[in-house]
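To start, the structure under review is shown below, and the notes come after it.
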């Protein structure tokens, strides 16, 4: 397999998981800690999470394709393949399911902020689901980072 493809795979793992950890556990808490306008902090964090989601989807597609081309069907018997697949599926669920639902709840609450509306509890529930999903992805990301050395032969 092309060394460039192997190294690109390692770089994508680094970008994806690093972005997840940085945005989720450093940037977002900092935004909410520093900005007095929680709605603004939430909007900025939401944009960053969406960006991380797109990075994740692109990385997952590349990594799954890379593993299938290199290993063929043997890739289906590796933990690394299934970690990437699980993370990719969780990213899909978040990007195209949970996040649009939360955005709709915000829109439905307008002109009030969603946390000041009758939709507060539904929004908080979906935010909690999203947070748990992100935590699971973050833990799987640890296994992906630790397994990334297997991408380069």
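The numbers here are math on the coordinates, done by the rules we state, and not lab data. Keep in mind that this is a model prediction, so the values were computed, not measured. Note: ideal-geometry Cβ built from the backbone for every residue, glycine included; neighbour counts use all protein chains shown.
For residue 133 and residue 10 in one chain, what is 0.36 nm times their gap in residues minus the Cα-Cα distance, to one decimal in nm? Spell out each step's value before the answer.
Values: separation 123, 0.36 × 123 = 44.28 nm, distance 2.34 nm.
Answer, rounded to one decimal: 41.9 nm.
If one takes the longest principal axis of the Cα atoms in the chain, at what angle in degrees, from 0 to 90 and to the nearest 10, does the Cα axis of helix 3-22 lie?
For 3-22 against the chain, the angle is about 20 degrees.
When the helices in the chain are scored as -39500 (n - 2.57) per DSSP H run of 4 or longer and the sum is shared across all residues, what 222 nm value do you end up with, to the nearest 500 deg cm²/dmol? Write down the numbers at each step before the final one.
On the way: 6 runs with 115 residues, N = 153.
-25500 deg cm²/dmol, from helical runs alone.
FRET efficiency for residue 116 and residue 51, Cβ-Cβ distance as r, R0 = 22 Å, nearest 0.05?
0.25
With angles folded into 0 to 90 degrees, how steeply does helix 38-71 sit against the dominant principal axis of the chain? Use alpha carbons for both and round to 10.
On a 0 to 90 degree scale, this one is about 20.
Multiply the residue gap between residue 86 and residue 69 by 0.36 nm, knock off their C-alpha separation, and tell me the result in nm, one decimal place.
4.2 nm
Pull out a ≥ b ≥ c, the square roots of the eigenvalues of the alpha-carbon gyration tensor of segment 3-151, then state rounded if a/c is under 1.5, prolate if not and a/b is larger than b/c, and oblate in the remaining case.
prolate
Angle, helix 120-147 long axis vs. longest principal axis of the chain, Cα atoms, 0 to 90°, nearest 10?
That works out to roughly 20 degrees.
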